[in-house]
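Worksheet for the structure shown next.
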Amino acid sequence: MTLPDPAPARDTSTDTDTAALRFPPGFHWGAATSAYQIEGATAEDGRTPSIWDTFCRTPGKVHRGDTGDVAADHYHRLREDVRLMAELGLTAYRFSIAWPRVQPTGRGPANPRGLDFYRRLADELLAAGITPVATLYHWDLPQELEEAGGWPQRRTAEHFAAYAALAGEALGDRITRWTTLNEPWCSAFLGYGSGVHAPGRTDPVAALRAAHHLNLAHGLAVTALRSVLPTGAEVSVALNLHALRPLSASAADRDAVRRIDAVGNRVFLGPMLDGGYPADLLADTAHLTDWSFVHSGDQATIHQRLDRLGVNYYTPTVVSATPGGAEPARADGHGAGSASPWPGADRVGFHQAPGERTAMDWAVDPSGLYELLTALARSHPGLPLMVTENGAAYPDGPGPRGSVDDPRRTAYLSAHLAAVHRAVAEGADVRGYFAWSLLDNFEWAYGYTKRFGLVHVDHRTLARTPRSSAHWYARVARTGVLRPPGVA
Ligand code: FCB
């Protein structure tokens, strides 16, 4: 997919000042989390270590040496957390299944105690009228599979398909919405390229091999899931698509956009939705690899019909043809490493988009979400979309009276929901929105320093306090109507 010519940044700040915006009936109002970021209980009930357990214990990799050992202790507080979701009026909850919990070491038989946890979670959700939406892989590869080569090895994709079948078979009676992978770009290019994520390798060829094997894992898993799930079940993938803008209108800067679009977006969209890798990506990376790890038949395996495409969006990406820029590179969205996460485009420069920033230093710019949704609606008509992650980190904690006021998060969510509404009004088939995140949690290499939760978590006592944004979001979810923040 090629994104449209980047439009000049549009000021959407007034979108919410106008009339109330009504969302289509049946629109899903959700929140999202992932296993390693909230569950804790990393050594309980038969779970084996994942690459994130190992990475957290590697000195210098994660801020202050934080780990997911306790996280938000969701493993032990699942009922309380589902109660919270019900109070917030959520109609759907996106979570991930920890591979090393349900299939320890990534191979062989299922672990019944691991599966039981997700059965209980699904049962609690269903009893509360909340649709469970399960992601099979949110970055927690069983450590043993990394030791056998990890995502750069083809076998990992085959193991993933077996895990998908096992999970689908065990949980498909309760869970009918499935997502194969969360943000394979991060798994491949941050995990094996820049090394800022687990397993922390810095090898551009390994990153490209990982990207292909993640694509293959997705395709194999879609088929495996469909063979075990009841009819009517829905299968999707969640991609962090980069909303790209050139620093200037020069031909060189526009070519930088093309390169990043190739290795940031079309490396997944091409094979998953269009049946093959884009020729320009192969040309841009020809000095690194001949792509002979793509076997005959792979592209057909990857190209499976999808019931939904999940879009994760936080901030746009501004690029130029020359390396560097006034601001440090933030394009990968999760901290800058010393190695590039962009094979074949590592001389491209990254720049801050203008405007207000969140605690991640990410610019607040809802027009990027609008552009992605409308571009996908144009390029892939008939493919329903979901915003599977969108949200902002702000540090707001309890005030003197114990309540937590976070007006900036409310403003962020409101402006982005207005952008979704605008895309829907223009014909994009967007079926739901999942705020990232339900709870403050373990934010990968940033440890516990970044807080994305609608619900504040005291990381010492683990007490949960819904922030004012949660109360605001509950009102939107209950009515299906977005009003300017502060208007009842
Ligand atoms: C996304 C990840 C999610 C969280 C948010 C802030 O890239 O999928 O786990 O880290 O960013």
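The values are calculated or read from the model by the stated rules, or taken from the named source; none is laboratory data. Everything numeric here is computed off the predicted structure, so don't read it as measured data. Ideal geometry is used to build each Cβ from the backbone, glycine not excepted, and the neighbour counts take in all protein chains shown. Side chains included, ligands, DNA and RNA excluded: accessible areas come from the protein's heavy atoms. Shrake-Rupley method; radii C 1.70, N 1.55, O 1.52, S 1.80 Å.
List of remarks:
- Segment 475-488 - residue that is more than 22 Å from the chain's Cα centre (by Cα) and at pLDDT 95 or above and, of those, most open to solvent (accessible area, probe 1.4 Å): ARG478
- Note on segment 401-467: enclosed strands (runs of 3 or more DSSP E) holding 1 or more residues that are farther than 12 Å from ALA72 by Cβ, open to solvent by less than 10 Å² (accessible area, probe 1.4 Å) and within 14 Å of the ligand (Cβ to nearest atom) are 430-436.
- Listed by position, the strands (runs of 3 or more DSSP E) inside segment 235-331 whose residues that are within 23 Å of HIS351 (Cβ to Cβ), of a type in the set (Ser, Thr, Tyr) and open to solvent by less than 60 Å² (accessible area, probe 1.4 Å) number at least 1 are 317-320.
- Given (1) at pLDDT 95 or above; (2) touching a strand residue (DSSP E or B) at 6+ places or on another chain (Cβ under 7 Å); (3) open to solvent by 30 Å² or more (accessible area, probe 1.4 Å), number of the condition GLY355 does not satisfy: (1)
- Answer residue from segment 43-59, given it is within 13 Å of VAL196 (Cα to Cα) and of a type outside the set (Phe, Trp, Tyr) and is surrounded by the fewest Cβ atoms within 10 Å (Cβ to Cβ) among those: PRO59
- Taking the criterion of being of a type in the set (Gly, Ala, Ser) and under 30 Å from HIS421 (Cα atoms), the residues of segment 334-377 that qualify are ALA353, GLY355, ALA359, ALA363, SER367, GLY368, ALA375, ALA377.
- Residues satisfying the stated conditions in segment 310-347, i.e. modelled with pLDDT under 75 and over 30 Å from GLY432 (Cβ atoms): GLY324, GLY325, ALA326, GLU327, PRO328, ALA329, ALA336, GLY337
- Being open to solvent by 40 Å² or more (accessible area, probe 1.4 Å) and of a type outside the set (Phe, Trp, Tyr) is a property that holds for GLU124.
- Helices (runs of 4 or more DSSP H) contained entirely in segment 96-206, each with at least 3 residues that are of a type in the set (A, V, I, L, M): 112-127, 154-171
- Checking ALA71 against (1) open to solvent by 10 Å² or more (accessible area, probe 1.4 Å); (2) out of contact with any Leu (no Cβ under 8 Å at 6 or more places or on another chain); (3) touching a residue at least 24 places away in the same chain (Cβ under 8 Å), the condition it does not meet: (1)
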